[in-house]
């Protein structure tokens, strides 16, 4: 069973349209959703949760239609949005008590373990937490009620590099169970490159690409060459070219490049930037 199956998902606002999004997340995997501000990442997550009502298309979460079974679905889905919706007067201890009445599978022992692992105070009001501490508390809650799917919208934002690394390790441990999956959006592309099995690129409400990360990194590369050498490459293998007085920097499909040319590795961030430029 797939953790997520999104088909032809559409939502129109004034000046923006999420346009026939098709996206699948297999169970046991982590999918990174990459896009510039306003690309539709948060809109997609809110549509999955039925916080926003879709104009068209279907969304299945853990095999259930999100328009019909959203209450049941939310028991099995841990959510951390870019703003953690916890009342400012509550302490972490009090949050745990509230959540024990909210989720039937609430695991208080796991919650306490995560508070300790993330160095969160149990008796400090939420209003006195830093942004990073707020995100960490949201992650602790999301992972403490038997979730099979985590939906994380900029969940690593505001965390220092050491804590970000700890959170990424927690997410990778989470998906060691093949019934567990994660959809995470982030501006910190290096986090997603380290973490994810699949990468999806969103640009202005359209899906540019959805592919296994390792396949992307092996299939595409960067080539620095002269304009004369560029003419020796199959046009089908050239995805974007940036020319300068010193030659050309080209994003290429490796299979279409002559073997005597040296193709350098490309990062996920570079790949996204080149594809967005090409889309423009």
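No lab work stands behind these numbers, since they all come straight from the coordinates. Just so we're clear, the structure is a prediction, and the values are computed from it rather than from any experiment. Glycine also receives a Cβ, built like all others from the backbone with ideal geometry; neighbour counts cover every protein chain displayed.
Go ahead and set up a Gaussian network model of the chain, Cα springs under 10 Å, then flag whichever of 49, 33, 149 fluctuates most.
49
Connecting C-alpha atoms closer than 10 Å in a GNM of the chain, tell me which of 77, 98, 163 has the biggest fluctuation.
98
For segment 216-279, max minus min Cα coordinate along each principal axis, in Å, sorted largest first?
The Cα atoms of segment 216-279 stretch 27, 25, 18 Å along their principal axes.
Could you tell me the distance between the Cα centroids of segment 151-165 and segment 63-98, to the nearest Å?
Segment 151-165 and segment 63-98 have Cα centres spaced 18 Å from each other.
Take the alpha carbon gyration tensor of segment 144-280, find the square roots of its eigenvalues, order them as a ≥ b ≥ c, and report rounded if a/c is under 1.5; if not, report prolate when a/b exceeds b/c, else oblate.
Prolate.
Between residue 69 and residue 273, what FRET efficiency comes out of the Förster formula 1/(1 + (r/R0)^6) with R0 = 41 Å and r the beta carbon distance, rounded to 0.05?
After rounding, the FRET efficiency stands at 0.60.
Using only Cα atoms and rounding to the nearest 10 degrees, what angle (0 to 90) does helix 161-174 make with the longest principal axis of the chain?
80 degrees
Suppose each label sits 7 Å from its Cα in the direction of the beta carbon; what would the residue 16-residue 173 distance come out to in nanometres?
3.5 nm
Using a 10 Å cut-off on Cβ atoms, rank the peptides 63-76, 195-208 from the highest mean neighbour count down.
Taking the mean over residues of other Cβ atoms within 10 Å, the ranking is 195-208, 63-76.
For the chain, find the longest principal axis of its Cα atoms and tell me its angle to the long axis of helix 108-117, 0 to 90°, nearest 10.
For 108-117 against the chain, the angle is about 50 degrees.
Compare 82, 177, 14 in a GNM of the chain, Cα atoms joined below 10 Å, and give the one with the largest fluctuation.
Result: 14 has the largest fluctuation of those listed.
Given 25 °C and 0.890 mPa s, compute D for segment 2-204 with the Stokes-Einstein relation, Rh being the Kirkwood radius over Cα pairs; round to the nearest whole µm²/s.
143 µm²/s
Taking a ≥ b ≥ c as the square roots of the eigenvalues of the Cα gyration tensor of segment 1-72, is the shape rounded (a/c under 1.5), prolate (a/b larger than b/c) or oblate?
oblate
Restricting to bridges with both residues inside the chain, how much of the DSSP beta-bridge set is antiparallel, in percent to the nearest 5?
Approximately 65 percent, going by the DSSP bridge assignments.
Expressed as an acute angle from 0 to 90° and rounded to the nearest 10, what is the orientation of the C-alpha long axis of helix 92-102 relative to the principal long axis of the chain?
Orientation of helix 92-102: about 90 degrees from the principal axis.
Please give the FRET efficiency for residue 52 paired with residue 240, using the beta carbon to beta carbon distance and R0 = 35 Å, rounded to the nearest 0.05.
0.60
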